[in-house]
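Each remark here refers to the structure printed beneath this line.
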Amino acid sequence: MDADRQTLEQLKEAIRQHDYAYYVLDRPKVLDSEYDELMRRLRELEARHPEWVTPDSPTQRVGGAVAQGFAAVRHKTALLSLANAFSAQDLRNFDQRVRQLLDGAPVEYVLEPKVDGLAISLLYENGLLVQAATRGDGETGENVTSNVRTVRSVPLQLVGEAPPALLDVRGEIYMPKRSFAKLNEQRAAAGEALFANPRNAAAGSLRQLDPQVTAGRELGLLAYALGENPFATHADALEALRTWGFPVYPHYKVCSDIEQAIAYIDEFAVARQALPYETDGLVIKVNSTAQQQALGATGKDPRWAVAYKFPAEQAETVLEDIFVQVGRTGVLTPVAVLQPVKLAGTTVSRASLHNEDYIRDKDIRIGDTVLVQKAGEIIPEVVRVLTERRAANAAPFVMPATCPECDAPAVRLEGEAATRCTNPHCPALGREGLVHYASRNAMDIENLGPAVVTLLWNAGLVRTPADYYRLRAEQLVQLERMGDKSAHNLLAAIEASKARGLERLLFALGIRFVGVKAAKTLAQAFGDIRRLAQAGQAELTAIPEIGPRIAESVVTWFSAPENQSLIDELAEAGVVMQASAKPVAAQSALAGKTIVITGTLPGLSRTEAIELAENAGAKVASSVSKKTDYVLAGEAAGSKLDKAKALGIAIIDEAAFRALL
C-alpha cells in the first residue's frame, strides 16, 4: 500500500475512534483543534485521490445532493408498535398475560427509556452502513440514508470484533433538549414556524430534502434492539450493540419480576430529569429471546413488550394578561402573564406565546383558564385553553400594528410567522443587543445584566457595545443604586471582557443566525475578524457547518457601514479580535476527565471554572451521571451534589479543583 493510502486509512480510523469517544462514550480524547486538523488532512488526501473516497469516510457525513423525495423501503423485519400501560396495575395485567402464555415460567424483564424521537432502522453489510429507513407503517418506511449519515453518533463503520455480515439495528433518532430550545429560538428570530416538541423537531430535521440542513440540527441516536436477535437475551443484544460502536442507554435495568420493574419506575422518574433527551416513559421487554419468540405478536404489537407512559406534569392557572416584548432582532413576541403556579419544581408566572398564529390556533384569550406544562421539562408553554371554563368577558388578543417600544409600524412578511418592528434604530433592538453582548456566553461581563443595561440606556450612556468601553466611574456613580464600589467592579469586568477572544466576540455581536457553534467555527476558520469581514459567500459556505443562510447573514452584517464603524471602535478600545489557542496542561490530572460544576464558587465565576477545566483537557458536562469523574461543588450546590453522593462520585471544592489543574 502506498504511503498516502496508508496515511488516509490511518486518518479515517483515528477520526472514527474520536467520533466514537465523543458522540457515543461522551469522553473526548482530543481538543477540537486537533480533531479539525485530522479532518483537514483527510480531506486534503481525498481531494488528491478522489478514487479513494468511500461511503464510510468521515468526510462523507455532511453533504450530498438535495433529494427529490424519499424512496420507499421495505423493512427486513417489521418495526412493531407497542401497547401502552399507564399504571402499576396495567403492568401487572401485562405480566399476568405473559406468564399465562408461558405456562407460568419465571420471566425476567429489561427496562429502557422510551425516548421521544423518531424510530429508525439501520442496515449494515459487512460492517458498513448501507441503508437507514424511518418506521413508516412498520412494514415500509422512507429511505433517509443520506440524512442519517450526518448524525454523528450513528456509526458509518462498525467497531469491535466480527460484527455479523448483515445487521439490522433499531434505534431512536432524537433531538437533545438544549438543541431543541436553541432551534426554536433561531426559528422565532427568523420568523419561522416553531416545532411543537423535540420529537416533532427530530422528525422534521430527519426528513429534510437537503442533508446539510439535517447536519445542522444536532441530532442523536440511541440504539435499543436488533431486527433479528441472535443472542440469548435482550440485555446481551444491548451489550453487543455497545461493543459495535452504538450509543446504548447505559443504565438499562434487568428486573427479576414485574414488581421489581414497577419499583424501578419511581427511581427512573427522578433520574430521567438529568437525561439530555426527552423521555415520556419506559419500555418494558421480556429479556429472554426464546420467550419473546414464543410469545409472538398480536397485529402490530409484540406480546413481549409494553410502553409505560409517565403522566405529563401539567397545571391549571389563569392567563391574566398578554404583553408584547421586542427582541434584539426586532421580532415582537407575545408573552402570557399567568397567575403563579408550581410546575416541575419551579414557580411559573410567564410563558412565551411565540406569535399570533400560535395564539389563534389555540384560541387563547386574556382571562382564560389554561393548562400549562414545561416543553422538554424546561420551557413553560400553554398546552390548551379550558374553553368550558371560559369567562364571558375573556378578551381576544390582537397583535399591535405598531412596535410597543418605538411606535414604528410592525409588519408580518409573507411566509413568515413573526411580526417585526420596521425601525432599524428601535430602542429595543439596541438595548437587547447590549444585553446580549454582555451575556454569559458572549462577552460575559459580570454585573451587567438587563437591569443595569436599562439604567445605562435610559441615562444615555450607551447605545452600542463600544460605549461600554468609554464609561467612567464618575458617570456610573450618578446612577440609581450604583455606588463607588459597584462602579469600579463594573468597570473592571468591562475591562476584563476585552480579552475574551474572537469566538466570544462574534457571538456577542448578534449577527443573525450566528450562534455559539457557528461563532466558534468562524473564529477557527479565519482567526481574525478583519479576514472574516473580507470573506465572500463562496469562501464562507466552503467551511463545513456554514450554510448559505449563515454566509449571507455574515456578509450582509459586515457590509453595513455602522457595523464597520463598530468594529473599528471596539478595536480602538482594545477588544481582542483574534482567535487564541487554548493550550492543554499536559500533566493535568483533569485531562480526559468529565467534570460537573454546581453551586457558587468563592473565587471563580462559572464561566472561568469551565474555561479552566476545558483548558486542562476536561469535558464539562451539565448533568451528573455514572460517567462523571468529578463534581466541583460550591455553595447552594443542590440536587447535582445529592446525585453525586448517591452515585459515589468524587466531590471536590475549589481548592481541590485548582490542585488538580
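The values are calculated or read from the model by the stated rules, or taken from the named source; none is laboratory data. The model shown is predicted, which means the values in this text are computed figures rather than measured ones. Using ideal geometry, Cβ is built from the backbone for each residue, glycine included, and neighbour counts are taken over all protein chains shown.
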- Check on residue 333, in contact (Cβ under 8 Å) with a residue 60 or more places away in the chain and within 20 Å of residue 227 (Cβ to Cβ): no
- Query: Could you list, in sequence order, the residues of segment 507-522 that are farther than 25 Å from residue 448 by Cα and at pLDDT 90 or above?
  - Reply: 522
- segment 459-506, subset assigned to a loop (DSSP other than H, G, I, E, B) and among the polar types (S, T, N, Q), residue modelled with the lowest pLDDT: 478
- Could you give me the residue pairs with C-beta distances under 6 Å whose first residue belongs to segment 476-492 and is over 22 Å from residue 444 (Cβ atoms) and hydrophobic (A, V, I, L, M, F, W, C), whose second residue is exposed (fewer than 12 other Cβ atoms within 10 Å of the Cβ) and modelled with pLDDT under 90 wherever it lies, and which are 6+ apart or on separate chains? 477/484
- Item | Condition met for residue 160 (in contact with a helix residue (DSSP H, G or I) (Cβ under 8 Å, 6 or more places away or on another chain) and under 30 Å from residue 127 (Cβ atoms)) | yes
- In segment 641-655, which residue that is assigned to a helix (DSSP H, G or I) and either β-branched (Val, Ile, Thr) or touching a strand residue (DSSP E or B) at 6+ places or on another chain (Cβ under 8 Å) (or both) is surrounded by the most Cβ atoms within 10 Å (Cβ to Cβ)? 644
- Query: Do you know which residues across segment 1-11 are under 15 Å from residue 37 (Cβ atoms) and either in contact with a Ser or Thr (Cβ under 6 Å, 6 or more places away or on another chain) or polar (S, T, N, Q) (or both)?
  - Reply: 7, 10
- Message: Going by what's in this entry, would residue 213 be described as assigned to a helix (DSSP H, G or I), of a type in the set (Val, Ile, Thr), modelled with pLDDT under 90 and in the same structural domain as residue 279 (by TED's automatic domain parsing)?
- Response: yes
- Of 201, 215, the only residue that is without any contact (Cβ under 8 Å) to a residue 60 or more places away in the chain, hydrophobic (A, V, I, L, M, F, W, C) and either within 20 Å of residue 135 (Cα to Cα) or touching a Ser or Thr at 6+ places or on another chain (Cβ under 7 Å) (or both) is 201
- Message: Yes or no: segment 492-506 includes at least one residue that is exposed (fewer than 15 other Cβ atoms within 10 Å of the Cβ), farther than 23 Å from residue 39 by Cα and within 31 Å of the chain's Cα centre (by Cα).
- Response: yes
- Note on the structure: Within segment 525-581, residues touching a residue at least 60 places away in the same chain (Cβ under 8 Å), of a type in the set (A, V, I, L, M), outside any loop (DSSP other than H, G, I, E, B) and farther than 19 Å from residue 512 by Cα come out as 570, 573
- Message: Tally up the residues in segment 443-471 that are charged (D, E, K, R) and out of contact with any Ser or Thr (no Cβ under 8 Å at 6 or more places or on another chain), please.
- Response: 3
- Note on the structure: Of 430, 483, 415, the only residue that is of a type outside the set (Ser, Thr, Tyr) and within 30 Å of residue 363 (Cβ to Cβ) is 415
- Selection over segment 228-239 where residues are surrounded by fewer than 20 Cβ atoms within 10 Å (Cβ to Cβ) and either under 29 Å from the mean Cα position of the chain (by Cα) or not assigned by TED's automatic domain parsing to the domain that holds residue 174 (or both) yields a count of 2
- Message: If I filter segment 633-640 for residues that are among the hydroxyl-bearing types (Ser, Thr, Tyr) and crowded, with 17+ Cβ neighbours inside 10 Å, do I get at least one hit?
- Response: no
- Query: If residue 198 passes every condition in (1) modelled with pLDDT of 95 or more; (2) closer than 13 Å to residue 115 by Cα but one, which one does it miss?
  - Reply: (1)
- Task: Give, as residue ranges, the strands (runs of 3 or more DSSP E) completely inside segment 67-170 that count at least 3 residues that are surrounded by 20 or more Cβ atoms within 10 Å (Cβ to Cβ).
- Result: 109-115, 118-125, 128-134
- Message: Looking only at segment 277-311, how many residues end up being of a type in the set (A, V, I, L, M, F, W, C) and closer than 16 Å to residue 113 by Cβ?
- Response: 7
- Message: Take residue 218 and tell me if it is farther than 18 Å from residue 176 by Cα and among the acidic types (Asp, Glu).
- Response: no
- Meets criteria (surrounded by 19 or more Cβ atoms within 10 Å (Cβ to Cβ) and either touching a residue at least 60 places away in the same chain (Cβ under 8 Å) or under 22 Å from the mean Cα position of the chain (by Cα) (or both)) for residue 270: no
